[in-house]
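FYI, it's all coordinate maths here, none of it is from the lab. Remember, it's a predicted structure, so these values are computed and weren't measured experimentally. Quick reminder, even Gly has a Cβ in these numbers, built from the backbone with ideal geometry, and neighbours come from all protein chains shown.
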Amino acid sequence: MKKEKFPTNTSLLLFFLRGSKKFFILAIFFAALVSVLDLINPRIIGFTIDSVLGTEKSNLPAFALKIVNSLGDASLSGAAWLKENLFAVALVIIGVAVLSMLCRFFFRLNNVTGAETLVRRMRDTLFGHILKLPYKWHGENHTGDIIQRCTSDVEMIKMFLSEHLTSLLRIIVLIALAIFFMTSIHPLLTLVSAAFIPVIVSYSVVFHKKIGLQFRKADEQEGVVSSIAQENLTGVRVVRAFGREQYERERFETKNEEYTNLWTRLMNLFAAFFSVSDFFSYVQLITVMVYGVYLSVHGQITAGEYIAFISYNNMLTYPVRRLGRVIANMSRAGVSLDRLRYIMNSEEEKDREDAGEPDMHQDIVFDNVSYTYESSNVEVLHNIDLTIKAGTTVGILGGTGSGKSTLMYLLDRMYELPEENGRITIGGVDIADIKADHLRKNIGMVLQEPYLFSRTLSENIRIAARDKDMDEVRRAARIAALDDTIDRFGKGYDTFVGERGVTLSGGQKQRTAVAQMLIRRPPVMVFDDSLSAVDAETDAKIRAALKENIQGSTVIIIGQRITTLMNADNIVVMDKGRIAEQGTHEELLAAGGIYRKIYDLQTQQSEVSEE
Ligand SMILES: Nc1ncnc2c1ncn2[C@@H]1O[C@H](COP(=O)(O)OP(=O)(O)OP(=O)(O)O)[C@@H](O)[C@H]1O
Ligand SMILES: [Mg+2]
């Protein structure tokens, strides 16, 4: 097996963390500081009650006692001085609170900066990577799923780092310190209090693990609901045209109800969980209080110590419960990382190391090419031998599904041709040895189903040639017989093309795609059924204009209409993945094969329609 780029989740996480790690480290540092500061005040209050107001021996650490003792003068001990000046205690408590606030602020600041930096890097990296993945990969993976991975899973990982991981460390520091302070007050009481922690944490972990499964179900259902919505919005024309609103609405409502039920069930589970864990917490609190009062009454701890102890105990209640959730959620982040790792480990399209950039004004040769799509197992091209002479125009005619588009995908390396399936060469160089970028820049393809972006017309025409000026845009539009149409639009070339070009007619879209390629004038031009939605007259007009403007280029025109192809230097007739015949228009007519049959059929049809 090939070595994966990111063999573990940790390696991927560290890769994503580049640039944001320092923020998270600072955030964790400040979070720990907050925990420490929060734990100081109960200590001060306990001391004040016992040693300042009462007469107990102080239990403050030595350095703190030194400070206190330095407060008084010869006539007054430190504690006595404090009793006279209680405001000083208040000031210290406020001081600690202010410090704690500042630390909280720096914690948040770093945490948020870290989280956003991380998310941005993740999105940019994923998007860049996905764009470079082979065309084949995109065919095998659902767009909706990819998008969900890039949104929900990214969000999940952000939550893990900015909420769960920092919480985890903060809670651990808090528990450790609190237990330390509590032990210094009374070890046995601490043991009673701490004995509940494993119970509550394990209960919480078990619950959250279980609920994780429910969450996944809800997530999947959400995916179902949103894909119904998405499908209907993109296919709104079809929905209207077939009067399927009612049906689609009912389908949506059923799925939506299932989704709602899942959430209701989830919330019920949560309600049960909180009741039970509240109960545990109360039992713990009552036990600690009763035992603490007993100890206090029997003089084993002071009143101040008792109050401090109860404060620590309360401080722990919430974090301990949260700990279970954090631990359980960490496994969800693991699932998300797995899902992103799948994308990041998919290999980007790469050129061979010695790939070159040869001149493309040369003969294109298909040498014994056979092809089977990986997903289907049916061979769609069988032993194709075809030479396309540089600078000539070749027409490819063939029934639907005969493999015409596949042939062009292979030429453009949208799908890689396995070595044992023959060779495609340009000027004698195997296309596998040509840089993909160079190949595609030089082979202009007007795809069978043109895709337009939701930008203006001129931007769309310029999409692959952004350095071209308006004059060239106009020239390309003129050859594609698009200029008249554009002039009729209110905003001309600045007309906004709706999502996927919905504001254009089929023929207008096709002609925009033709203009897209003509502006680049690449050495090889492929028109895959590009004028099928254009009327015969416009078709002829475009062909005439093309003829004048494609000098020097090798042109491949795929079509179903004989008139589109009949002027080509060579016409190839494809039938079920094989080349059935080839020659010039006259030769093929004389041969009396498939071409002749199609010709007769189409001329009869046009005679009928003319009558
Ligand atoms: N991505 C794919 N995965 C699996 N099979 C495919 C894929 N694309 C096309 N095919 C199959 O390959 C065969 C040839 O398809 P191709 O698109 O090359 O035909 P075509 O000659 O261009 O047809 P048309 O004139 O309708 O465009 C068809 O049987 C089709 O079902
Ligand atoms: Mg096709």
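For the range 9-345, the calculated P(r) over all alpha carbon pairs, in 20 Å bins from 0 to the bin holding the longest distance, is 23, 43, 24, 8, 1 percent.
Please list 278-290, 390-402 highest first by mean number of surrounding beta-carbon atoms within 10 Å per residue. Kindly include the intermediate steps, with their values, before the conclusion.
On the way: 278-290: 14.7, 390-402: 19.5.
The peptides rank, most packed first, as 390-402, 278-290.
Over 30 Å apart at the Cα level, from the set 389/541; 5/576; 21/132, are 5/576.
Working from label points 7 Å from Cα in the Cα-to-Cβ sense, the residue 88 to residue 238 distance is 8.2 nm.
Which percent, to the nearest 5, of DSSP beta bridges fully inside the chain are antiparallel? Mind showing how you got there, number by number?
Values: 18 of 38 bridges.
Percentage antiparallel, nearest 5: 45.
Model label points for residue 143 and residue 231, set 7 angstrom from Cα along the Cα-to-Cβ axis, are 1.4 nm apart. Taking label points 7 Å from Cα along the Cα-to-Cβ direction, residue 55 and residue 563 give a separation of 11.8 nm.
Once the Cα atoms are used to define both axes, helix 166-185 deviates from the longest principal axis of the chain by about 10 degrees.
Considering only alpha-carbon pairs that sit under 8 angstrom and 6 or more positions apart, the relative contact order computed for the chain is 14 percent.
If the convex hull of the alpha-carbon atoms of the range 211-272 is projected onto planes in all directions, what is the mean projected area in square nanometres? Could you put the intermediate results ahead of the total?
Working: hull surface 16.4 nm².
Averaged projected area of the range 211-272's Cα convex hull equals 4.1 nm².
Relative contact order of the range 9-345, please, whole-number percent, based on alpha carbon pairs below 8 angstrom and at least 6 residues apart. Worked out over the range 9-345, it gives 32 percent. Measuring against 31 Å, Cα to Cα, the residue pairs 350/404; 158/509; 435/491 contain 158/509; 435/491 as the ones spanning a longer distance.
Using just the helices of the chain, give the 222 nm mean residue ellipticity in deg cm²/dmol: DSSP H runs with n ≥ 4 each add -39,500 (n - 2.57), and the total is spread over all residues, rounded to 500.
On the way: 24 runs with 377 residues, N = 611.
The per-residue figure over the chain is -20500 deg cm²/dmol.
Measuring r between the beta carbons of residue 274 and residue 494 and using R0 = 41 Å, the FRET efficiency lands at 0.10.
Packing order of peptides 477-484, 445-452, highest average first: 477-484, 445-452 (average count of other Cβ atoms within 10 Å over each peptide's residues).
Its Kirkwood hydrodynamic radius, worked out from the mean inverse distance over all distinct Cα pairs, puts the range 153-268 at 18.5 Å.
Evaluated at 10 °C with a viscosity of 1.306 mPa s, what Stokes-Einstein diffusion coefficient in µm²/s does the chain have when Rh comes from the Kirkwood expression over alpha-carbon pairs?
Numbers: Rh = 31.2 Å.
The diffusion coefficient I find is 51 µm²/s.
Direction-averaged projected area, Cα convex hull, the range 364-610: 14.1 nm², rounded to one decimal. Taking the centroid of alpha carbons for each part, the range 102-146 and the range 292-350 are 27 Å apart. Compared with the dominant Cα axis of the chain, that is its longest principal axis, helix 536-549 is turned about 90°. Diffusion coefficient of the range 332-414 by Stokes-Einstein, Kirkwood radius over Cα pairs, 20 °C, 1.002 mPa s: 131 µm²/s. Note on residue 152/residue 454: beta-carbon distance plugged into 1/(1 + (r/R0)^6) with R0 of 22 Å gives a FRET efficiency of 0.35. Charge tally around residue 353: other residues with Cβ under 13 Å, Lys/Arg +1 each, Asp/Glu -1 each, net 0. Seen against the Cα atoms of the chain and their longest principal axis, helix 62-71 is set at about 60 degrees.
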